[in-house]
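The next block holds one structure in the form of structure tokens; read it before the comments.
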Amino acid sequence: MTAGASPVVGRFAPSPTGRLHLGNVRSALLGWLEARAASGRFLLRVEDLDPERSRAEAIDALLEDLSWLGLDWDGEVWRQSQRASAYDAALEALKEKGLVYPCWCTRAEIARAASAPHAGEEGPVYPGTCRDGAAPKPGRAPAFRFRATPGVVRFVDLVHGPVEQDVAAEVGDFVVRRFDGVASYQLAVVVDDAAQGVTDVLRADDLLSSTPRQLLLYRALGLPEPRFAHVPLLLQPDGKRLAKREGATTVAGLRAAGVPSEALVGLLAKWSGLTEGAPVRAADLVRDFSLSRVRREPAVVMPEALDTLVRSGT
Ligand code: GLU
């Protein structure tokens, strides 16, 4: 089957806030392998919604990093900063259905109003202050929140199996447009994955808890839901998320140190449970790839492994 003939469409959707980190690039590699192993298409979308945190040079740099790793993509690179009208249209559709409302609360007010036992993983559960209408605050634009449908949202993740979350109870009504007029990540990602015809969303575990919110939006907007695969994070030996470590954890830093791309791909494949870690080209991993071979436990990245990698470049 040639690329394009397969119904699988995967994507990588990085935020261009700095150089690509080993964690991001591992998601890119696995997403690319999943799509290419199914002879599917693989799309690249730059999530540069946040004008203050996104840097134009970071976009060029990330394309360069991906190409250096041997990962390619189909069609134009989409940029979320150019998609505001699509997000506005989705917001209008939700407004027409009565599923969003303006919210004038500040972060501090929400933190005060939400009682501590209800504080969710991602901050306090929104207490619903503006749900039934609230007086506008002069000189301030509102955010818009989605009325979280009561009840448990269920889906079957391709890595985790059955997942469920009661969004209304555990997160509360969530923001779909920020008070500065920018669409929230949750809304933009749904609108774009649907508009790009993405069938398979592969990303790291840190976004697993966002998926039920996104499913509520797919359902509210009447959009077809993709399959989801959340791959384990790369961790430090102390169990924390892999932190940036003086160049040794960015693709650019490793490349600058002279590390061959095959050595890095080999290590990423090893951390994912795919190989023993010998240097390899991404394209050579396609034939034997299957999501069921990706290890389910987070990989611990030993500093010595990175030191050895850096030495391989000298
Ligand atoms: N832009 C998000 C990030 O870099 C990823 C979004 C996604 O894959 O859904 O964390």
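Couple of notes before you dig in:
- Annotation: amide H-H contacts under 5 Å for residue 159 (H modelled 1.01 Å from N, sequence separation of 5 or more, or interchain): 230.
- Whole-Hz couplings from phi, Karplus 6.51/-1.76/1.60, listed for the range 168-179; x for Gly and Pro: 4, 7, 9, 10, x, 5, 10, 6, 10, 9, 6, 5
- Karplus-derived HN-Hα couplings along the range 12-28 (A = 6.51, B = -1.76, C = 1.60, θ = phi - 60°), whole Hz, x at Gly and Pro: 10, 10, x, 8, x, 9, x, 6, 4, 9, 4, x, 5, 6, 5, 5, 4
- Candidates 83, 11, 219: whichever shows maximal mean-square fluctuation once the chain is modelled as a Gaussian network with Cα springs under 10 Å: 219
- The range 258-314: trypsin sites (Lys or Arg not before Pro) falling in loop per DSSP and having at most 12 other Cβ within 10 Å: 287, 296
- Kirkwood Rh, Cα atoms: Rg over Rh of the range 160-314: 1.04
- Size descriptor for the range 1-159, Kirkwood hydrodynamic radius: 19.1 Å (Cα pairs only, one decimal).
- Longest segment of the chain lacking GluC sites (Glu not before Pro) that sit in a DSSP loop with at most 11 other Cβ atoms within 10 Å: 122-245
- Reduced Cα scattering model of the chain, Debye log10 I(q)/I(0), q = 0.07, 0.14 Å⁻¹: -0.30, -1.13
- Whole-Hz couplings from phi, Karplus 6.51/-1.76/1.60, listed for the range 142-157; x for Gly and Pro: x, 8, 10, 10, 8, 6, 5, 5, x, x, 8, 9, 10, 8, 10, 7
- Difference of contour (0.36 nm per residue) and Cα-Cα distance, residue 308 to residue 180: 41.5 nm
- In the chain, the longest principal axis of the Cα atoms and the axis of helix 261-271 are about 60 degrees apart.
- Potential lengthening of the chain between residue 156 and residue 89 amounts to 21.2 nm, from the contour at 0.36 nm per residue minus the alpha-carbon distance.
- For the chain, built as a Gaussian network whose Cα springs stay under 10 Å, the top-fluctuating residue of 48, 206, 173: 206
- Straight Cα distances below 20 angstrom link residue 270 to the aspartates and glutamates 34, 65, 205, 238, 262, 284, 288, 297, 304, 307, with same-chain residues fewer than 8 positions distant left out.
Throughout, read-outs are computed from the coordinates displayed, never taken from laboratory work. Everything numeric in this text was worked out from a predicted model, so none of it was measured. Every residue, glycine as well, gets a Cβ built from its backbone with ideal geometry; the counts of neighbours run over all protein chains shown.
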